[in-house]
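These notes concern the structure reproduced below.
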Amino acid sequence: MRLTPQITQALTNLKIESLNPMQETAIESWREGKDLILLSPTGSGKTLAYLLPLIETLQPDVKGVQAVVLVPSRELALQIDQVFKSLNTPYRVMSCYGGRPAMEEHRTMKGINPSVIIGTPGRMNDHLGKQNFDVTDVQTLIIDEFDKCLEFGFQEEMATVIGQLPRLKRRFLLSATDAEEIPRFTGLNQTLKLNFLSVDEPISERIHIYKVLSPIKDKLETLYQLLCTLGNKSTLVFCNHRESVERVGKYLQSKKYPCGIFHGGMEQDDRERSLYKFRNGSCHVLISTDLAARGLDIPEIENIVHYHMPIQEDGYIHRNGRTARWEADGNSYIILHPEENLPAYIQEEPEWFEIPENIPHPAQPQFVTLYIGKGKKDKINKIDIVGFLSKKGNLGKEEIGRIDVKDHYAYVAITRKKIKETLKSIKNEKIKGVKTVIEEAK
């Protein structure tokens with residue numbers, strides 16, 4: 001495939017040597033000038049499949065917003081924002097979502113003058129209704145996870161957003177599951193559908209699916225025993241309701257089992273902290289609603305546990321798609337009580353998983369997360385943090401894990417066995433000449 005200088009440089013910046021066939025097909029198809037619908041499995045690289053052709057489309061001499069990317073969740077918006085920035089193009093990008101002041105986002109818009117805005121439908125309508133950015137040059141619309149964005153509850157918001165973008169010329173819709181129909185308000189015209197979903201194969205031959213019997217209707221104790229049996233493997237537990245997530249989380253914590261929770265009713269800072277700790281290995285179990293079934297790029301998840309089964313098959317597909325990513329293997333456990341049956345959409349009967357009689361104690365995560373009260377706006381970067389922890393905290397590089405630096409704070413994973421010693425060593429020490437709060441993230 002012919003790679004333009006923009007894409008070649010972007011791939012170099014990402015340290016990616018080659019594209020997969022789906023990504024190549026998406027780029028070549030976009031060049032034909034038609035609207036696209038791309039269906040491809042979770043973890044197959046759909047984000048790059050639209051960001052790379054997008055940077056070919058953007059015009060360097062246009063100063064305003066040229067493209068809008070609509071997503072169903074703030075986590076997906078943030079993730080795409082980070083991937084776009086890592087392409088290191090001349091174009092500015094920003095993400096917009098609920099849970100933080102819209103005025104703050106408006107100031108950012110005016111300050112950086114982005115070419116691309118990534119946002120959730122509600123927050124995008126807020127900015128469009130207040131005319132916070134000029135839509136004159138918005139010619140490209142991308143809808144990621146379009147099946148979720150176009151669900152009945154979202155349709156009115158989506159129609160309102162699209163109705164306020166009068167000069168759209170191109171549309172690109174993507175998902176891991178198809179929608180029954182695409183509403184007319186999307187304005188698709190001369191559409192090319194690229195389907196990389198295999199209808200004949202099971203969800204994934206690399207996912208091993210098991211049934212786990214709960215002897216009673218309340219599955220809490222069975223879940224606890226299962227998680228203890230799985231050890232310190234990265235595990236995502238799905239519940240159907242926020243209240244259930246809270247209940248399961250409290251029960252596991254009462255049993256001294258280290259876990260995090262994640263759902264749409266939490267404050268944004270709490271949601272981000274849960275994700276950071278799950279990603280960096282300082283919390284190996286995350287209890288979540290289906291909010292975590294889409295848009296989270298965490299390649300090392302080994303186990304999915306269905307505490308509740310989703311009503312629809314597409315929910316089951318997206319949940320299981322969190323594991324067995326990038327050619328890895330994974331496991332999916334379905335907890336059933338005696339009166340419960342498998343949903344009709346599961347065709348093949350999974351094998352039973354027997355919980356052993358002797359349950360091991362809850363495994364402790366390898367890492368602990370440190371909170372540092374300074375970030376990018378304070379001229380603190382990853383190199384500064386590594387240097388500080390190595391010199392003042394007496395940590396070796398292998399004892400420092402993932403580092404996430406935000407505008408006004410940072411999270412860093414360090415080995416659990418060194419946490420007390422490290423906190424004692426760095427007490428009252430300055431990082432890059434600045435005194436700040438450094439403590440274990442709760």
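The values are calculated or read from the model by the stated rules, or taken from the named source; none is laboratory data. Computed from a predicted model, the values in this text were never measured in an experiment. Cβ coordinates were reconstructed from backbone atoms using ideal geometry, including for glycine residues, and neighbour counts include every protein chain displayed.
Of all residues in the stretch 216-238, those that are on the phi > 0 side of the Ramachandran plot have Cβ atoms under 7 Å from Cβ atoms of residues that are assigned to a loop (DSSP other than H, G, I, E, B), 6 or more apart or on another chain, in 231/363.
The residue list 243, 221 contains one member that is acidic (Asp, Glu), closer than 24 Å to residue 442 by Cβ and at pLDDT 95 or above, which is 243. Tell me the residue from 358, 341, 331 that is closer than 30 Å to residue 415 by Cα, in a loop (DSSP other than H, G, I, E, B) and not charged (D, E, K, R), please. Step by step, each of 358, 341, 331 is checked, and only 358 is closer than 30 Å to residue 415 by Cα, in a loop (DSSP other than H, G, I, E, B) and not charged (D, E, K, R). Taken over the stretch 158-184, the residue count meeting the criterion of being without any contact (Cβ under 8 Å) to a residue 60 or more places away in the chain and either small (Gly, Ala, Ser) or assigned to a helix (DSSP H, G or I) (or both) is 6. In the set 260, 249, 187, only one residue is in contact (Cβ under 8 Å) with a residue 12 or more places away in the chain, of a type outside the set (A, V, I, L, M, F, W, C) and on the phi > 0 side of the Ramachandran plot; that residue is 187.
Among residues of the stretch 129-157 being over 20 Å from residue 167 (Cα atoms) and part of a loop (DSSP other than H, G, I, E, B), the one that is modelled with the highest pLDDT is 145.
Each residue in the stretch 276-294 was checked for being crowded, with 22+ Cβ neighbours inside 10 Å and either of a type in the set (Ser, Thr, Tyr) or closer than 18 Å to residue 100 by Cβ (or both), and 4 pass.
Residue count for the stretch 388-416 satisfying the condition of being part of a helix (DSSP H, G or I) and exposed (fewer than 13 other Cβ atoms within 10 Å of the Cβ): 3. Could you check the stretch 1-114 for helices (runs of 4 or more DSSP H) lying wholly inside it with 1 or more residues that are within 18 Å of residue 296 (Cβ to Cβ) and at pLDDT 95 or above? Counting at least 1 such residues, we get 46-57, 74-86.
Considering the stretch 1-20, the residues that are of a type outside the set (S, T, N, Q) and in contact (Cβ under 8 Å) with a residue 60 or more places away in the chain include one that is farthest from residue 319 (Cα to Cα), namely 10. Can you list residue pairs whose Cβ atoms sit under 7 Å apart, with the first residue in the stretch 95-117 being farther than 19 Å from residue 271 by Cα and the second being modelled with pLDDT under 95? Count only pairs 6 or more apart in sequence or on different chains. Here the result reads 113/63, each pair linking the stretch 95-117 to a residue that is modelled with pLDDT under 95. Return yes when residue 286 is in contact with a helix residue (DSSP H, G or I) (Cβ under 6 Å, 6 or more places away or on another chain) and either of a type in the set (A, V, I, L, M) or at pLDDT below 95 (or both) and no when it is not. Yes: the conditions hold for residue 286. Taking the criterion of being of a type in the set (A, V, I, L, M), crowded, with 19+ Cβ neighbours inside 10 Å and in contact with an Asp or Glu (Cβ under 7 Å, 6 or more places away or on another chain), the only residue of the stretch 95-129 that qualifies is 118. Taken together, the criteria exclude residue 46 from residues that are within 28 Å of residue 328 (Cβ to Cβ), touching a strand residue (DSSP E or B) at 6+ places or on another chain (Cβ under 8 Å) and free of Cβ contacts under 8 Å to residues at least 12 places away in the same chain.
Scanning the stretch 306-336 for residues that are surrounded by 24 or more Cβ atoms within 10 Å (Cβ to Cβ) and among the aliphatic types (A, V, I, L, M) yields one hit, 324.
Across the stretch 130-150, which residue is surrounded by the fewest Cβ atoms within 10 Å (Cβ to Cβ) among those that are in contact with a helix residue (DSSP H, G or I) (Cβ under 9 Å, 6 or more places away or on another chain) and more than 16 Å from residue 170 (Cβ to Cβ)?
130
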